[in-house]
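Structure record follows, encoded as structure tokens.
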Amino acid sequence: MTGQGSHPRHGLVDVIHAPVRLSIVAALAGLEKAEFRFLRDTIEVSDSLLSKHLTTLEAAGYVQIVKAGTGRRPRTWVSLTPAGRTAFDAYTESLKKIIDAGN
């Protein structure tokens with residue numbers, strides 16, 4: 001790790017580290033995809049806050065957002081990309097190392 005210390009906190013990805021974004025990525029980790037409203041209700045945030053954080057995750061390449069018109073109401077589907085899954089796995093591994101270092 002050139003330029004970084006050896007403490008496991010250096011493995012925490014800033015994009016994921018924000019509580020709402022961590023909640024989004026964690027919720028998506030166990031799913032193939034999730035509908036916007038389901039995700040909003042699961043992590044208990046407003047539409048606008050979820051949209052803001054999804055935009056950040058999408059810009060980082062961590063989520064894919066697909067809008068599909070079904071019936072009268074268009075639906076928005078969100079899924080983790082392979083890069084997002086890799087980043088989340090690395091993030092959780094860093095958290096485990098931090099916790100284990102304290103024991």
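The values are calculated or read from the model by the stated rules, or taken from the named source; none is laboratory data. All values derive from a computational prediction rather than experimental measurement. Positions of Cβ are backbone-derived with ideal geometry, glycine not excepted, and every protein chain shown enters the neighbour counts.
The set of residues in the range 23-34 being part of a helix (DSSP H, G or I) and in contact (Cβ under 8 Å) with a residue 24 or more places away in the chain consists of I24, V25, A26, L28, A29. The residue of the range 52-63 that is farthest from T86 (Cα to Cα), among those that are surrounded by fewer than 15 Cβ atoms within 10 Å (Cβ to Cβ) and not charged (D, E, K, R), is T55. Report whether or not R40 is of a type outside the set (A, V, I, L, M, F, W, C), farther than 13 Å from Y91 by Cβ and in contact with a helix residue (DSSP H, G or I) (Cβ under 7 Å, 6 or more places away or on another chain). When the stated conditions are applied, R40 passes them.
Residue-level check: of (1) modelled with pLDDT of 95 or more; (2) buried (at least 17 other Cβ atoms within 10 Å of the Cβ); (3) not small (G, A, S), Y91 misses just (1). Within the option set R37, R9, being of a type in the set (D, E, K, R), at pLDDT 95 or above and assigned to a helix (DSSP H, G or I) holds for one residue only, R37. Taking the range 53-103 as the range and being within 12 Å of the chain's Cα centre (by Cα), in a strand (DSSP E or B) and touching a residue at least 24 places away in the same chain (Cβ under 8 Å) as the test, the residues that pass are V63, V78, S79, L80. Considering the range 26-51, and only residues there that are under 18 Å from R85 (Cβ atoms) and in contact with a strand residue (DSSP E or B) (Cβ under 7 Å, 6 or more places away or on another chain), the residue that is surrounded by the most Cβ atoms within 10 Å (Cβ to Cβ) turns out to be L28. Applying the condition of being hydroxyl-bearing (S, T, Y) and loosely packed, with under 15 Cβ neighbours inside 10 Å to the range 64-88 and asking which residue is nearest to S6 (Cα to Cα) yields T86. Restricting attention to the range 40-72, the residues being on the phi > 0 side of the Ramachandran plot and at pLDDT 95 or above number 2.
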